[in-house]
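Down below is the structure, laid out as structure tokens.
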Amino acid sequence: MHATPQQTVQGTLARMDECWTAIRDQVRSLRGELLEARLGEGKWTRKQMLAHVGTWHELTADRLSRFVESGEPAQLEGDEDVINARAARAAEGRTMGEILLSMDDSYRRIRREVGRLTDTQLTAQDGWAAAAIAGNTYEHYAEHLADLGG
């Protein structure tokens with residue numbers, strides 16, 4: 001479980017913002033050709049990986065919205081591998097600027113949804129919302145930060 005009894009929405013937002021700034025700054029520091037380069041044989045480009053991060057922001061924002069309305073954890077609709085493959089394919093026809101704009105928009109959206117939560121909702125249902133937020137924001141960024149090392 002990611003939540004602790006002391007965890008708050010404001011603390012979660014602060015952690016999200018700190019980690020988002022780190023990943024966003026790393027993206028801005030990369031030359032354009034590095035964003036288009038593959039991360040290894042048969043792997044995504046950095047552009048596809050960033051689109052994947054934005055996709056998970058959107059999915060999590062949708063799930064948090066349903067949670068706020070129902071009080072029940074909202075299950076993921078679809079298989080993770082299928083979702084990831086779809087995000088990667090969709091990135092191929094987009095410019096890096098479009099990807100970055102979409103990623104920023106998706107971050108603002110998930111941040112708004114987190115801000116709608118109460119501290120009680122954040123830790124309710126065995127910390128479901130806190131775990132979903134962590135896994136699809138700051139913990140997710142940490143997973144991919146090395147990919148942005150250039």
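The values are calculated or read from the model by the stated rules, or taken from the named source; none is laboratory data. Note that this is a predicted model, so its numbers are computed, not measured. We place every Cβ from the backbone using ideal geometry, glycine too, and count neighbours over all the protein chains shown. We work out accessible area using only protein heavy atoms, side chains counted, and drop any ligands, DNA or RNA first. Shrake-Rupley method; radii C 1.70, N 1.55, O 1.52, S 1.80 Å.
For the range 4-17, filtering for residues that are part of a helix (DSSP H, G or I) and in contact (Cβ under 8 Å) with a residue 24 or more places away in the chain leaves 6.
Checking each residue in the range 23-61 for being open to solvent by 50 Å² or more (accessible area, probe 1.4 Å) and assigned to a helix (DSSP H, G or I) picks out Asp25, Gln26, Arg28, Ser29, Glu33, Glu36, Glu58.
Report yes if some residue within the range 87-105 is small (Gly, Ala, Ser) and in contact (Cβ under 8 Å) with a residue 60 or more places away in the chain; otherwise report no.
Residues of the range 87-105 that are small (Gly, Ala, Ser), as a first pass: 87-88, 90-91, 93, 97, 102.
Cutting the leftovers down to in contact (Cβ under 8 Å) with a residue 60 or more places away in the chain gives us none.
No, because not a single residue in the range 87-105 is small (Gly, Ala, Ser) and in contact (Cβ under 8 Å) with a residue 60 or more places away in the chain.
Within the range 67-109, the set of residues being within 18 Å of Lys43 (Cβ to Cβ), aliphatic (A, V, I, L, M) and either touching a helix residue (DSSP H, G or I) at 6+ places or on another chain (Cβ under 8 Å) or open to solvent by 60 Å² or more (accessible area, probe 1.4 Å) (or both) comprises Val82, Ile83, Ala87, Ala88, Ala90, Ala91, Met96, Ile99. Within the range 116-130, being within 12 Å of Thr12 (Cα to Cα) and either crowded, with 18+ Cβ neighbours inside 10 Å or free of Cβ contacts under 8 Å to residues at least 40 places away in the same chain (or both) holds for Leu117, Leu122, Thr123, Ala129, Ala130.
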